[in-house]
Amino acid sequence: MLVPVLIAVHVLGVVIWIGGVAFVTMIVFPMIMRMEDSFEKVLFFQGMEHRFARIAKSSVAVVGLTGGWLLYATGEWLYLFSMKGIGPTLMVLVWTFYLFVLLFEGKIFRVIFGGRAAQDTGKIFSLLSRFHWVVLALSLLAVGVGVWAGHGGV
Ligand code: HEM
């Protein structure tokens, strides 16, 4: 009873979080890159990121807590970093990466948008967009491999 409920909550957290990342990557970035004014680009991006960061932070907390609990409840922590535990291993790696980005988000944006770099917003957004595509691909890989491995794939 506990494990299916934990998986359901875990997956709901993943849907909101990775769904948001997909929306930002596939819809918001192309919109920003089509804007003419650099100042408008930065304002729009920061407003959007500020709102989404709060949703992402709570989803990361829910996914991490339920994920850790699932590892413990199913005994799957024993297989972390082995082929048998490939699903949860990829999940933990992706989750840790996001945690790191969200924790240091303020600093990262100050470096990206501050100083000399501020002059070339076109280049910055194209880099940020490519970075989001890589992160989205890794997240989808974790979802795909997680479901595949969890349903008899390994
Ligand atoms: C600390 C981070 C995480 C831990 C410890 C963790 C652990 C787990 C465990 C133990 C399960 C259930 C057992 C299984 O089906 O193998 C599970 C299910 C799942 N996790 Fe995670 N997870 C974490 C983060 C993530 C992330 C970041 C994603 C997506 C990018 C994700 C996607 C999924 C999915 C889709 C399932 C359902 C698999 C299925 O049964 O069909 N998890 N997770």
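Before moving on, here are some points about what is shown:
- Cβ charges +1 (Lys, Arg) and -1 (Asp, Glu), total dipole of the chain, debye: 180 debye
- Over 19 Å [Cα-Cα, the stretch 2-153], rounded percent: 56 percent
- Based on the convex hull around the alpha carbon atoms, the stretch 12-99 presents an average projected area of 6.5 nm².
- With R₀ fixed at 41 Å, the C-beta to C-beta distance from Leu140 to Leu43 puts the FRET efficiency at about 0.85.
- Qualifying aspartates and glutamates (Cα of each under 15 Å from Cα of Lys84; at least 8 residues distant if same chain): Glu76
- If you run the Gaussian network model on the chain, springs between alpha carbon atoms under 10 Å, then out of Lys41, Lys107, Lys57 the most flexible one is Lys107.
- Dipole magnitude for the stretch 1-77: computed about the Cα centre from +1 point charges on Lys and Arg Cβ and -1 point charges on Asp and Glu Cβ, it is near 120 debye.
- Among Met91, Met83, Met26: highest mean-square fluctuation, GNM of the chain, C-alpha pairs under 10 Å: Met83
- Under 15 Å from Lys57, Cα to Cα: aspartates and glutamates that are on another chain or at least 8 residues apart: Glu49, Glu105
- GluC sites (Glu not before Pro) restricted to the stretch 1-71 and DSSP loop, no more than 10 other C-beta within 10 Å: Glu36
- Options Ala53, Val9, Gly19, ranked by Cα towards positive dipole end of the stretch 1-61, top entry (Cβ charges): Val9
- Fluctuation leader among Ser139, Ser82, Ser38 - the chain, Gaussian network, Cα springs under 10 angstrom: Ser82
- Additional length obtainable on full extension of the chain from Lys84 to Leu127, 0.36 nm per residue less Cα span: 11.9 nm
- Scanning the chain for long hydrophobic helices, with DSSP H runs required to stretch 30 angstrom or more by C-alpha along their axis and to average at least -1.0 on the Kyte-Doolittle scale, returns 2-23, 38-74, 121-148.
Any read-out appearing in this document is the output of simple, stated calculations on the displayed coordinates, not a laboratory observation. These numbers were taken from a predicted model, which means no experiment stands behind them. In this analysis, Cβ positions are derived from the backbone assuming ideal geometry, glycine residues included, and neighbour counts consider all displayed protein chains.
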